[in-house]
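Take a look at the structure set out below.
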Amino acid sequence: MVSRICIYLACTTISVVLSVVGGEPLVPALCIFGDSVVDVGNNNNLQTLIKADFLPYGRDYITHAPTGRFCNGKLAIDFTADYLGLSSYPPAYLSKEATGDRILSGVNLASAASGYYEITAELYRAVTLTQQLQNYKEWQSKVVRMVGKSQGDAIFSGGIHLLSAGSSDFLQNYYINPLLNTVYSPEQFSHLLMRSYSSFIQNLYKLGARRIGVTSLPPTGCLPAAITLFGGGSNECVARLNKEAVSFNQKLNSASHNLKASLYGLKLVVFDIYQPLLDMITNPSDSGLFEVRRACCGTGKVETSILCNSRSVGTCSNATGYVFWDGFHPSEAANEILAQALLQQGFELIS
């Protein structure tokens, strides 16, 4: 209940700010990069099995229809767009919705199964971060053609850019790929990912972005699928995976600090989603939730993408009390709480 109250207060604060600025959005645009946690439908248009364009995905969304979001309803970035006062959610760049004036307030370039390690995306036929950046450049060109270079540059520098990556690199590649985990230790693999991360931020900066947020890894050892796959029969969070996520997050914070020091005028915020999600898992009742181990879709063990479908036996009828929607992804209820955490941590990006 405390968290839900905090969400109400945070939204009230945003509403007050919006009324002060005459109802205008707090930022001119919101652009999203990354993986399935933020993909809103780009994978719908790819030849990949990693999709969420079928029920029960989207059953609790505004339209009560699947959109490509790996959730029963809204993602954390959808709530973020609401808080920022945007009139619509950034459309999936590869969708038919990404046309005309709709793209002036930003686009979503994320692709489920993408990551800092390019081969992760290639394994699943997802859009790599390198290609997402190329698509972003293409979007910039379209914006400039519509509004001119001066206004376009203002949109790029004033807009917020959010990046979510890393989970797929570990859970869908490193931990299950002996070609990686027998060659690199988790520390060494994290260092590889950090080089890719730093390069991505530097390239985004060169394209005019000045307000960037990046999410940390979640407590990967507490995801239902991770417990099933790596828990050795235990019903508890896998401590080893959580420890490695914490180590990765420390490296992410350090790399981000160095980037801010070297790139003039850059506002770069690392959004900690590890602790808010762990708090929900450890003390769900504090957030108005009750189920932390079993996801809503199916048995809650490994279901995601094609394994979470309308015939999944055991899918819950009401996901509002569940932390997880499927084996890897938070429910809409959890996403709302995570968005509150992002809001509290990210005021620097809108100041």
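Put +1 on the Cβ of each Lys and Arg and -1 on the Cβ of each Asp and Glu in the chain; which of Val127, Gly68, Ser317 then has its Cα farthest toward the positive end of the dipole?
So the residue we want is Val127.
Counting other C-beta atoms within 10 Å, which of Thr304, Thr48 has the fewest, and how do the rest follow?
Thr48, Thr304
Using the crude model of +1 on Lys and Arg Cβ and -1 on Asp and Glu Cβ, and no other charge, please compute the dipole size for the chain relative to its Cα centre, in debye to 20.
Approximately 560 debye in magnitude.
Whole-Hz ³J(HN,Hα) for each residue in the stretch 107-117, computed from phi via Karplus 6.51 cos²θ - 1.76 cosθ + 1.60 with θ = phi - 60°, x for glycine and proline: what do you get?
9, 10, 10, 5, 9, 4, 6, 7, x, 5, 8
Could you quote the convex hull projected area for the stretch 278-328, Cα atoms only and averaged over all directions, in nm²?
3.3 nm²
What ranking, highest mean first, results for peptides 252-259, 105-112 when packing means the other Cβ atoms within 10 Å averaged over each residue?
Top of the packing list down: 105-112, 252-259.
Which residues' amide hydrogens lie under 5 Å from the amide hydrogen of Leu162, considering only partners 5 or more residues apart or on another chain, with H built in the peptide plane?
For Leu162, the qualifying residues are Cys31, Ile32, Phe33, Gly213.
Per residue and in cubic angstrom, what volume does the convex hull of the Cα atoms of the chain have?
124 Å³
Cut-off is 10 Å between beta-carbons; in what order do Met280, Met194, Met146 appear when sorted fewest neighbours first?
If I rank by nearby Cβ atoms, fewest first, I get Met146, Met194, Met280.
Among the complete DSSP H segments of the chain, which ones combine at least 18 Å of alpha-carbon extent along their axis with a mean Kyte-Doolittle hydropathy of -1.0 or more?
Going by DSSP H runs, the hits are 2-20, 129-147, 186-206, 239-262, 332-345.
Chymotrypsin sites (Phe, Trp or Tyr not before Pro), restricted to the stretch 60-100: which are DSSP loop and have at most 14 other Cβ atoms within 10 Å?
Of the chymotrypsin sites (Phe, Trp or Tyr not before Pro), not one in the loops of the stretch 60-100 has a Cβ with at most 14 other Cβ atoms within 10 Å.
Mind listing the long-range amide H neighbours of Gly106? Cut-off is under 5 Å, sequence gap 5 or more, other chains count too, H placed in the peptide plane at 1.01 Å from N.
Leu30
Hey, fewest Cβ within 10 Å first, where do Phe54, Phe189 land in order?
Fewest to most other Cβ atoms nearby, the residues stand as Phe54, Phe189.
No value in this document is a laboratory result; all are computed from the given coordinates. Every value quoted in this text rests on a predicted model; they were computed, and no experiment measured them. For neighbour counting, all protein chains shown are included, and Cβ atoms are generated from backbone atoms with ideal geometry for every residue, glycine included.
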